[in-house]
Amino acid sequence: MAQVLGEDPAAALDAAAEVARALDAFGEELGLAYQILDDLEDVGEDESATTWGGDGECGRPTVVAKYGPAESHRRIEACVERAAAALEPLAAHEIAAQPLQRIALTMLGRA
C-alpha cells in the first residue's frame, strides 16, 4: 500500500479526493452544458418553437423553453467556464487539465 500512496498515505488520499471532486464538478457542469445544447439543437432554426423536438416534444421542461435561446447560450458559456475552473485544482497534483478544458471549449463552438 505504501508503494501506491507514497510516504504520506493521508495526503495522497486527500489529493485523490480533491481530484475526484474537481472531476465530478467538471462533469456536472459539462453535462449541464451538453443538455442545454441538445435542447437548442432540438429547437433548430425556428427559435420561437421552444418546445419542438426531443424533451420539449415529450412534455419535459427544457432550459430553452423556460429562458429562450439567447439566455440558453449564455448559460452554456457559464457552464463551460465553471467546468474549466473546476479543473484548476488538478495543476497542484501535476495533472494536465488542458485536454479536458479543450473538450469543454469545443462545446462552445457548437453553441
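Values in this text are rule-based calculations from the coordinates and carry no lab data. Note that the structure is a prediction, hence the values are computed from the model and not measured. All Cβ positions, glycine included, derive from the backbone under ideal geometry; neighbour counts span all protein chains shown.
Miscellaneous remarks
- Pairwise label distance in nanometres, ILE103 with ALA16, each label 7 Å out on the Cα-Cβ vector: 2.1 nm
- Charge dipole magnitude, Cβ of K and R +1, D and E -1 - segment 56-111, Cα centre, debye nearest 20: 220 debye
- Positive-end extreme of charge dipole, segment 56-111 - chosen from LEU87, ALA65, ILE76 (charges on Cβ): ALA65
- A simple spin-label model places pseudo-atoms 7 Å from Cα toward Cβ; at GLU41 and GLU28 they are separated by 2.5 nm.
- Sequentially through segment 93-109, phi angles give Karplus couplings (6.51, -1.76, 1.60; θ = phi - 60°) of 10, 6, 10, 6, 9, 4, x, 5, 5, 5, 4, 5, 5, 4, 4, 5, x Hz, Gly and Pro residues having no value and appearing as x.
- Distances between placed amide hydrogens fall under 5 Å for ILE95 paired with no residue 5 or more residues away or on another chain.
- Efficiency of FRET between LYS66 and ALA92 - r from beta-carbon atoms, R0 25 angstrom, step 0.05: 0.10
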